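Q: Let me give you the structure first, and then I'll get to my questions.
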Amino acid sequence: MANEKWGNQTVIAELNLLGFGNVQHLQIPFFFLFLLIYICTMAGNILIVVLVVSEQQLHTPMYFFLGNLSCLDSFTVCTILPKMLAGCLTGHSTISVWGCITQFYFFASLAAVQCYLLAMMSYDRYLAICKPLHYASLMNSKLCFRLAAGSWINGFIGMSIYILLMSQLIFCGPKDIDHFFCDITPVMKLSCGETKAVELVTTVFSSMFTFPPFTLTMTSYLFIIRNIMRIPSNTGKKRAFSTCSSHLTVVSIFYGTLVIVYVLPRTERLRALNKVFSVFYTLLTPLLNPLIYSLRNREMKEAMRKFLKKCT
């Protein structure tokens with residue numbers, strides 16, 4: 001695609017994702033590592049979706065939300081890893097400006113959906129532990145569907161408005177993005193136009209899609225912990241905590257890495273490690289979620305055993 005002129009500068013049509021090209025001798029090992037992550041992530045998350053759909057004992061609100069989370073994790077790695085794998089083979093990966101904006105749209109939308117899905121899962125655990133007698137009537141199938149659908153619709157429609165504004169930006173270079181995917185910070189650096197409006201909207205949307213669900217998640221767990229501490233027996237405390245420990249682990253990994261990448265001050269050391277921490281919430285979190293929920297969950301293990309018996 002030919003480049004156009006904007007003022008005295010040339011408007012670029014393609015961008016280079018540098019990925020991990022600064023360590024050329026590790027490109028092939030990285031390729032096989034990320035390919036293994038891709039295969040394991042897809043296999044683990046698809047298995048969870050199949051189990052949730054096929055096994056009657058998993059037809060509960062908690063596993064309904066877990067199935068949604070597994071679908072989301074599969075979409076996330078499909079958004080980022082194919083281009084990243086190509087970059088590992090070539091040392092860099094070329095992507096059109098519109099392709100870059102599209103990749104960021106899907107990544108940002110899925111991240112927003114995940115924030116709200118994790119909040120819905122924490123609210124589900126709050127009702128199960130703090131209001132067990134009313135749980136079945138409060139968290140019914142209709143409410144579960146509405147909460148999950150609202151999370152998906154909210155994330156994708158909200159980011160559509162943001163991407164519409166972002167698409168008005170003009171990019172004059174340099175062409176190189178020192179990242180393995182089109183994240184907002186490195187992409188904004190390439191704009192030669194006025195970016196204050198987009199930066200303001202970025203702050204507003206980041207707050208909208210992170211602080212409300214994070215607040216709901218933390219509030220739910222404060223009530224859960226308080227309720228667990230009131231249980232007289234240690235056995236009862238362990239049993240109650242085991243029902244939410246997997247989800248709490250996932251929440252800690254997800255929000256912990258997001259805070260490191262997007263919230264903490266941009267010191268030179270953190271800037272150098274930015275890509276490494278980005279790998280955690282974009283690739284390792286989708287990989288770890290199936291392991292965390294399957295290895296630490298008795299019902300999931302039992303459902304897996306039954307499913308494997310049916311297959312054999």
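Q: Can you tell me which residue is nearest to T282 (Cα to Cα) among those in region 47-77 that are among the hydroxyl-bearing types (S, T, Y) and in a helix (DSSP H, G or I)? Reasoning before the result, please.
A: So the first thing to find is which residues in region 47-77 are among the hydroxyl-bearing types (S, T, Y), and the list is 54, 60, 63, 70, 74, 76.
This time we only want the ones that are in a helix (DSSP H, G or I), so: 54, 63, 70, 74, 76.
Values: S54: 28, Y63: 22, S70: 13, S74: 11, T76: 7 Å.
That would be T76.
Q: Filter region 292-303 for residues that are open to solvent by less than 50 Å² (accessible area, probe 1.4 Å) and modelled with pLDDT of 80 or more; which is nearest to T41 (Cα to Cα)? Lay out the reasoning, then the answer.
A: First, the residues of region 292-303 that are open to solvent by less than 50 Å² (accessible area, probe 1.4 Å): 292-294, 297, 300, 303.
With the extra rule that they be modelled with pLDDT of 80 or more, the set shrinks to 292, 300, 303.
Working: I292: 12, M300: 17, A303: 19 Å.
Going through the qualifying residues, I end up with I292.
Q: Output the number of the condition that F171 fails; it satisfies all remaining conditions of (1) open to solvent by less than 20 Å² (accessible area, probe 1.4 Å); (2) under 20 Å from the mean Cα position of the chain (by Cα).
A: Among (1) open to solvent by less than 20 Å² (accessible area, probe 1.4 Å); (2) under 20 Å from the mean Cα position of the chain (by Cα), the lone unmet condition for F171 is (2).
Let's see how each residue does on (1) closer than 17 Å to F254 by Cβ; (2) in a helix (DSSP H, G or I):
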{"site": "T79", "(1), (2)": "yes, yes"}
{"site": "Y105", "(1), (2)": "no, yes"}
{"site": "S109", "(1), (2)": "yes, yes"}
{"site": "S122", "(1), (2)": "yes, yes"}
{"site": "L127", "(1), (2)": "no, yes"}
{"site": "L143", "(1), (2)": "no, yes"}
{"site": "F156", "(1), (2)": "no, yes"}
{"site": "Q168", "(1), (2)": "no, no"}
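Q: Another question, then. Return only the number of the condition from (1) open to solvent by 40 Å² or more (accessible area, probe 1.4 Å); (2) over 19 Å from the mean Cα position of the chain (by Cα) that C40 does not satisfy.
A: So the condition that C40 fails would be (2).
Q: Given the criterion within 17 Å of the chain's Cα centre (by Cα), modelled with pLDDT under 90 and either of a type outside the set (F, W, Y) or open to solvent by less than 60 Å² (accessible area, probe 1.4 Å) (or both), identify the matching residue among M84, M62. Reasoning before the result, please.
A: Details: M62 fails: within 17 Å of the chain's Cα centre (by Cα).
Every option except M84 fails the conditions.
Q: Pull out all pairs, ordered by first then second residue, where Cβ-Cβ is under 7 Å, the residues are six or more apart or on different chains, the first lies in region 212-226 and is closer than 22 Å to K238 by Cβ, and the second is of a type in the set (F, W, Y) and part of a helix (DSSP H, G or I).
A: Qualifying pairs under 7 Å: S220/Y123; S220/Y126; F223/Y126; I224/Y126.
Q: Can you tell me which of I129, I95, I46, I101 is surrounded by fewer than 20 Cβ atoms within 10 Å (Cβ to Cβ) and modelled with pLDDT under 90?
A: On the way: I129 fails: surrounded by fewer than 20 Cβ atoms within 10 Å (Cβ to Cβ); I95 fails: surrounded by fewer than 20 Cβ atoms within 10 Å (Cβ to Cβ); I46 fails: modelled with pLDDT under 90.
I101 is the lone residue from the list that is surrounded by fewer than 20 Cβ atoms within 10 Å (Cβ to Cβ) and modelled with pLDDT under 90.
Q: Can you run down the residue pairs with Cβ atoms below 7 Å, 6 or more apart or on separate chains, where the first is in region 44-68 and touching a residue at least 60 places away in the same chain (Cβ under 8 Å) and acidic (D, E) and the partner is surrounded by fewer than 18 Cβ atoms within 10 Å (Cβ to Cβ) and in a helix (DSSP H, G or I)?
A: Pairs that qualify, where the first residue is touching a residue at least 60 places away in the same chain (Cβ under 8 Å) and acidic (D, E) and the partner is surrounded by fewer than 18 Cβ atoms within 10 Å (Cβ to Cβ) and in a helix (DSSP H, G or I), are E55/K306; E55/F307.
Q: Taking S109, is it among the small types (G, A, S) and in contact with a helix residue (DSSP H, G or I) (Cβ under 8 Å, 6 or more places away or on another chain)?
A: Details: among the small types (G, A, S): yes; in contact with a helix residue (DSSP H, G or I) (Cβ under 8 Å, 6 or more places away or on another chain): yes.
Judged against the criteria, S109 is a match.
The values are calculated or read from the model by the stated rules, or taken from the named source; none is laboratory data. All of these numbers come straight from a predicted model, not from anything done at the bench. Here Cβ is always computed from backbone atoms with ideal geometry, including for glycine, and neighbour counts include all displayed protein chains. The accessibility values were calculated without ligands, DNA or RNA, using every heavy atom of the protein model including side chains. Shrake-Rupley method; radii C 1.70, N 1.55, O 1.52, S 1.80 Å.
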